[in-house]
1. Among bridges DSSP assigns within the chain, what percent are antiparallel (round to 5)?
2. Just to confirm a number: summing +1 for Lys and Arg and -1 for Asp and Glu over residues other than I82 whose beta-carbon lies under 10 angstrom from that of I82, what do you get?
3. Does anyone have the angle between helix 81-92 and the longest principal axis of the chain? Alpha-carbon axes, 0 to 90°, nearest 10?
4. Which of the lysines could a cross-linker bridge to K155, judged by Cα under 27 Å and excluding same-chain residues fewer than eight apart?
5. Ranking request for peptides 36-48, 115-127: highest mean number of other beta-carbon atoms within 10 Å first, then the rest in descending order.
6. Note down the net charge around K151, summing +1 for each Lys or Arg and -1 for each Asp or Glu among other residues with Cβ under 11 Å from its Cβ.
7. For the chain, what is the calculated [θ] at 222 nm in deg cm²/dmol (nearest 500), taking -39500 (n - 2.57) for each run of four or more DSSP H residues and dividing by its residue count?
8. Note the full-extension length gain between K10 and R139 as 0.36 nm times their separation in residues minus their Cα-Cα distance, in nm to one decimal.
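Only the coordinates and a few stated rules stand behind these numbers; no lab work does. All values derive from a computational prediction rather than experimental measurement. Neighbour counts run over all protein chains shown; Cβ positions are idealised from the backbone, glycine included.
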Amino acid sequence: MAFKLDINGKAAVVDVDPEMPLLWALRDGLGIRGPKFGCGIGACGACTVHLDGEAVRSCSMPVSSIEQGKVMTIEAMASDPIGRIVQDVWVELDVAQCGYCQPGQIMTATALLKRQPNPSDADIDEAMSGNLCRCATYRRIRAAILQAAAKISEKKA
C-alpha cells in the first residue's frame, strides 16, 4: 500500500505493508539511515524520530499510524535552530563514543529542549530515561543538554 509522508519537510511516497514499522519504511523504503534499529520494541531509543515535534520510537509505530503527521529525522536536525545547537554542543563536548545511539539521543534531547528550554536534572532524567547508551556516555549527554539549554537561553536574551 502506498503512503504519502512528510519526511524532513519533503513529500515522500513509500509502498509498504500498513503494519511495517516507520523505522523500516524510512530505512528500507526511503533510504534514510539516521534512525537506528536497536531493540525493535521501543525500549532503547536508537530509532527515535520526531512526529509533529514529539520524540517517538519509529521501530514500534506502524507507518499506517502516521497519517498527515510531519516526521523529522536526524538528517534534518541541522536545519532546526534548536537541533543545530544540540548537535554543535554534542560535537563540542565529544559526547559520542561509538555513536550508534546518538541520533536517538539528539532527537530526544532536542524535543526536550523545545518543550522545556531550561530543564532540571529531573526533567533530563525523565526525558532521556528511554534512551540507552551501551558506552555509558550519560554524564556527557547531561552536560550537553545543559550546555545547549544555556546557549538557547543566551540566544533568546
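1. Numbers: 13 of 15 bridges.
Antiparallel bridges make up about 85 percent of those DSSP assigns within the chain.
2. Numbers: positive: R84, K114, K151, K155; negative: D80.
Once all neighbours under 10 Å are counted, the net charge is +3.
3. Tilt of helix 81-92: around 60 degrees.
4. Partners within reach: K70, K114.
5. Numbers: 36-48: 20.1, 115-127: 13.9.
Descending packing order for the listed peptides: 36-48, 115-127.
6. On the way: positive: R84, K155, K156; negative: D88, E92, E154.
Value of the local net charge: 0.
7. -10500 deg cm²/dmol
8. Full extension of this stretch gives 42.9 nm more.
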